[in-house]
Every structure is written in C-alpha cells, then in structure tokens.
Amino acid sequence: MSLDAPNTTEDLLAKEDIRDVLARYARGIDRADGELLKSCYHADAQEEHGSTYAGPAHPYIDGAVARMKKNPHPMAHYICNTHVERDGDTAFVETYVLTFARFEKDGEPYDTLTGGRLFDKFEKRDGKWKIAHRKMTFDWNRDAPSAEGWCLGVFDPEDPKMNMWGRDGQDLTYTRF
C-alpha cells in the first residue's frame with residue numbers, strides 16, 4: 001500500500017491485530033512471561049537487540065525472562081506511536097517505545113529510562129500476524145540514582161490498598177479483580 005492510499009478494511013484489521021501483538025509483547029516482557037512473549041513471534045523469528053543479542057527470537061526470550069526473574073525491581077515498556085505499512089501478508093512496522101527499568105550497581109538502585117524504536121517485519125501466517133524479524137533502534141537513554149518518593153509521599157506503597165507491580169502471576173494482569 002502506498003503511504004497516501006486510504007486504508008481498506010483489511011488494512012485496518014491487520015493494523016489492529018499488529019497493535020494487539022505489540023501490547024501483548026509489552027505485557028509479556030514486563031511480567032517476565034515467556035509463553036506470552038513467544039506468542040508474539042513466529043517460531044523461526046529473528047531478534048536483533050542492540051549490542052546484547054542477535055539471533056533466533058525464542059532463545060532471546062528465554063534468556064531475557066531468566067534475567068528479569070532475577071531482578072527484584074520493576075520494569076515497564078510503553079508502546080507509543082506505531083506506523084504500519086502492509087504489503088499483502090507482510091507488514092513493516094515502526095513503533096516508538098519508552099522503557100523504564102531499575103537495576104542495581106554496586107548495591108545501589110538506579111533508574112534507567114530509554115527511548116527507542118522497534119522495527120518489525122510482521123508476517124501473517126495461518127491467519128495470524130506475528131513478528132518475523134525485529135531490530136531495535138536506541139534513540140536516547142537517561143540513567144540516574146533511584147529517588148522513589150511516590151509523588152512526594154501522596155501514595156504509600158506499604159498501604160494494603162495499593163496495587164503494586166508483580167511477576168509470576170502476582171500482578172493484576174493475571175489476578176484481575
């Protein structure tokens with residue numbers, strides 16, 4: 001489809017299915033849910049994640065999930081603008097992403113905020129859109145010592161009424177109401 005062509009019904013359905021995959025990816029990566037992450041990729045998909053990994057996507061997921069489960073701190077991926085160019089059963093997708101993560105360096109917590117873009121080649125196989133190849137572009141990053149104050153004390157994370165993040169089925173993603 002040309003860049004200025006009107007969307008067809010098939011284009012709109014493809015875009016919605018692709019956006020669902022991207023949202024599922026963000027949920028899966030933040031919850032360290034390997035099964036959910038793998039559902040976003042074709043079995044033979046490739047992943048190029050900066051200087052940390054280039055190769056088959058499913059082994060990348062296995063390693064990422066293992067690392068995340070060792071990190072006791074939160075992580076959050078925010079999916080932003082998404083541009084889809086569909087050509088039949090292939091789509092080239094550029095998605096802006098913001099990633100927050102907390103890591104420890106020398107025993108001290110640091111917060112990192114990274115802006116980047118996901119460049120995905122999606123393919124529709126057996127009626128399902130999934131990632132066939134992903135390349136990550138890193139646009140900027142900000143690392144700083146953690147200074148969590150919960151809105152200058154407005155929120156109390158120790159209060160049992162607070163819903164806090166979790167992994168391994170402990171998050172509202174899984175427990176719901």
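The single condition from (1) of a type in the set (Gly, Ala, Ser); (2) without any contact (Cβ under 8 Å) to a residue 12 or more places away in the chain; (3) open to solvent by 50 Å² or more (accessible area, probe 1.4 Å); (4) assigned to a strand (DSSP E or B) that SER51 fails is (4). When the stretch 65-93 is filtered for residues that are open to solvent by 50 Å² or more (accessible area, probe 1.4 Å) and within 22 Å of LYS128 (Cβ to Cβ), the ones remaining, listed by number, are ILE79, HIS83, GLU85, ASP87, ASP89, PHE92. Summed over the stretch 123-166, the residues that are surrounded by 12 or more Cβ atoms within 10 Å (Cβ to Cβ), in contact with a strand residue (DSSP E or B) (Cβ under 6 Å, 6 or more places away or on another chain) and not in a loop (DSSP other than H, G, I, E, B) give a count of 12. Residues in the stretch 18-42 that are of a type outside the set (Val, Ile, Thr) and under 15 Å from LYS121 (Cβ atoms) were compared, and the one that is surrounded by the most Cβ atoms within 10 Å (Cβ to Cβ) is CYS40.
Looking at ALA14, ALA101, ALA45, just one residue is closer than 17 Å to TRP165 by Cβ, open to solvent by less than 80 Å² (accessible area, probe 1.4 Å), in contact (Cβ under 8 Å) with a residue 24 or more places away in the chain and in contact with a strand residue (DSSP E or B) (Cβ under 7 Å, 6 or more places away or on another chain), and that residue is ALA101.
Only one entry of ASP44, ASP89, ASP111, ASP120 meets the criterion of being closer than 16 Å to ASP20 by Cβ and out of contact with any Gly (no Cβ under 9 Å at 6 or more places or on another chain), and that entry is ASP120.
Criterion applied to ARG67, ARG24, ARG86, ARG19 was being touching a residue at least 24 places away in the same chain (Cβ under 8 Å), of a type in the set (D, E, K, R) and not in a strand (DSSP E or B), and the one residue passing it is ARG19.
The values are calculated or read from the model by the stated rules, or taken from the named source; none is laboratory data. Computed from a prediction, not measured in an experiment: that's the story for all the values here. Cβ coordinates were reconstructed from backbone atoms using ideal geometry, including for glycine residues, and neighbour counts include every protein chain displayed. Remember, those area values only see protein heavy atoms, side chains included, never the ligands or the DNA or RNA. Shrake-Rupley method; radii C 1.70, N 1.55, O 1.52, S 1.80 Å.
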